Amino acid sequence: MDYARMRAIAEELMRHAPDPIKGFEITGDGIYMMMPPSRFHDFNVMRLSRQLDRQLPDGLVPFPGGDIEDPSMGKLRRPDLIVVSDEVFGEENEPFNPRDLSLAAEVVSPTNHSNDYTEKMEEYPAMGIPLYLLVDPRKGTGAVMSDPGSGPDGRPCYRTRHDYVFGDKIAVGEWTVDTSEFRTYAP
């Protein structure tokens with residue numbers, strides 16, 4: 001099925017979805033309806049957003065939950081937080097072009113962690129997103145990925161990766177994030 005048809009089906013499903021459904025993602029495998037995240041998840045997104053907001057130059061903003069779309073790849077994703085120019089907010093309800101992003105950040109959910117660690121590790125560099133911040137409250141760890149390009153096997157990847165543990169101050173591009181403000185999921 002072509003991407004335009006999948007997108008139309010996803011939008012129709014959203015019109016009939018029950019209240020807890022907050023959005024959808026489209027991958028090569030299909031359409032995934034998204035449930036709202038936990039409070040711990042949202043807390044970490046909020047802390048990250050506040051830290052970045054204090055450091056971003058005029059014209060760049062952190063934005064939670066914005067859809068990004070690359071029709072040529074047949075992908076629509078919803079990172080937990082993006083950093084984007086405020087100039088690209090002109091199209092109401094249209095997904096962002098991933099090439100307009102400075103950063104995509106994902107807070108790993110307790111149940112669907114492979115999505116952030118596997119699929120998005122290949123999709124985000126292929127979409128041209130220069131920085132990918134992964135926050136994993138399950139383990140109290142994460143990684144900052146940069147330098148998107150082709151790996152040794154020719155597949156898209158981030159060629160630079162810096163791992164961290166909660167408590168570290170990390171460089172995310174030209175910004176600094178204090179991960180001691182993040183919380184792990186309750187046992």
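For a distance above 20 Å, tell me the whole-number percent of Cα pairs in the chain that qualify.
Numbers: 9489 of 17391 pairs.
Result: 55 percent of Cα pairs exceed 20 Å.
How far apart, in nm, are two points set 7 Å out from the Cα along the Cα-to-Cβ line at SER72 and at THR111?
Distance between the two pseudo-spin positions: 3.6 nm.
Please identify every one of the GluC sites (Glu not before Pro) in region 44-134 that sits in a loop by DSSP and has no more than 11 other beta carbons within 10 Å of its own beta carbon.
Taking region 44-134 and a limit of 11 other Cβ atoms within 10 Å, the loop GluC sites (Glu not before Pro) found are GLU91, GLU92.
With axes computed from alpha carbons, what is the tilt in degrees of helix 3-16 against the longest principal axis of the chain, rounded to the nearest 10 within 0 to 90?
Helix 3-16 sits roughly 90 degrees off the main axis of the chain.
Can you count the Lys pairs in the chain with C-alpha separation below 25 Å, eight or more apart or on different chains? Walk me through the numbers before you get to the answer.
Details: LYS22/LYS75; LYS22/LYS120; LYS75/LYS120; LYS120/LYS139; LYS120/LYS169; LYS139/LYS169.
For the chain, the number of qualifying lysine pairs is 6.
Helix 39-55 versus the longest principal axis of the chain: what angle, 0 to 90°, nearest 10, using Cα atoms?
The helix 39-55 is inclined about 70 degrees to the chain.
For every helix of n ≥ 4 consecutive DSSP H residues, a contribution of -39,500 (n - 2.57) applies; sum these over the chain, divide by its total residues, and give [θ] at 222 nm rounded to the nearest 500 deg cm²/dmol. Write out the running numbers ahead of the final one.
Working: 3 runs with 38 residues, N = 187.
Taken over the chain, the calculation gives -6500 deg cm²/dmol.
Relative to the Cα centre, what is the charge dipole magnitude of region 143-187, using +1 at the beta carbon of each Lys and Arg, -1 at the beta carbon of each Asp and Glu, and rounding to the nearest 20 debye? Before the final figure, lay out each step's value.
Values: 5 positive and 7 negative charges, 29 e Å.
About 140 debye.
Here, each number is a calculation from the coordinates, and none is a lab measurement. None of these values were measured; they are calculated from a predicted model. With ideal geometry, Cβ positions are generated from the backbone for all residues, glycine too; neighbour counts draw on all protein chains shown.
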